[in-house]
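What follows is calculated from the coordinates using simple rules that are stated; it is not laboratory data. Predicted model, so just to flag it, every value in this text is computed and none were measured. Note: ideal-geometry Cβ built from the backbone for every residue, glycine included; neighbour counts use all protein chains shown.
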Amino acid sequence: MAESMEALKTECLTCRRCPLAETRTNLVFGDGCPTAEIMFIGEGPGQREDEQGVPFVGPAGQLLDDMLEIIGLDRSKFYIANIVKCRPPHNRDPQESEQSACIGWLRQQTALIRPKVIICLGRIAAQALIDPEFRITRDHGKWVEKAGVHMTAIYHPSALLRDPSKRPDTFLDLKSIQSKIRELCPNTQL
Ligand code: URA
């Protein structure tokens, strides 16, 4: 177990546990505050993230930042990472084998941060972290508690870019996230 996020990142940057390592430009480890009470988890880097080595910096990331600003959140108040750290070619879904090769890094990040609240962005993260049977249309916005961590999922911001009719539901989910943070996260001012 690494003793700091920096040490873990140094180790992770050399990872070759799955074939995505062969095609990446940069590994995308994570961003934000390593002592945050809140984590957001996406599925995997896209083109911009692969180019820059930072999660959620492309169009989906811009939308996410704008939405979170509405509830008073910015990257100084949360940590953000992905299920897989390297870009799947052509932005396809990460395969089960790639997810299981990579998930140990996210588990170590989570163990170092010890968040109170985890928000999954989209189906892939929700199925990996909440329930393999998770259906985003049916289950977004529901809360579960696992090992003392309160978890929910919202539509992936890329889905909101493709289908703006999902945005009102996401706004309600964000208000619920804001309430949960106010209830559970004493060190996070919203
Ligand atoms: N989509 C994701 O799931 N993660 C990113 O980092 C960018 C886009």
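Here are a few things to note about the model shown:
- Highest average packing first - 92-105, 148-161, Cβ atoms within 10 Å: 148-161, 92-105
- For the chain, with +1 on Lys and Arg beta carbons and -1 on Asp and Glu, the positive-most of PRO45, GLY58, ILE130 along the dipole: ILE130
- Note on region 1-159: the C-alpha convex hull projects to 8.7 nm² when averaged across all orientations.
- Unit charges on C-beta of K, R, D, E only; dipole of the chain, Debye: 220 debye
- Across the options ILE70, TRP105, ASN26, the greatest Cα extent toward the positive end of the charge dipole of region 1-153 (unit charges at beta carbon of Lys, Arg, Asp, Glu) belongs to TRP105.
- Rg and Dmax, both from the Cα atoms of region 1-75 and both in Å, are 13.6, 39.
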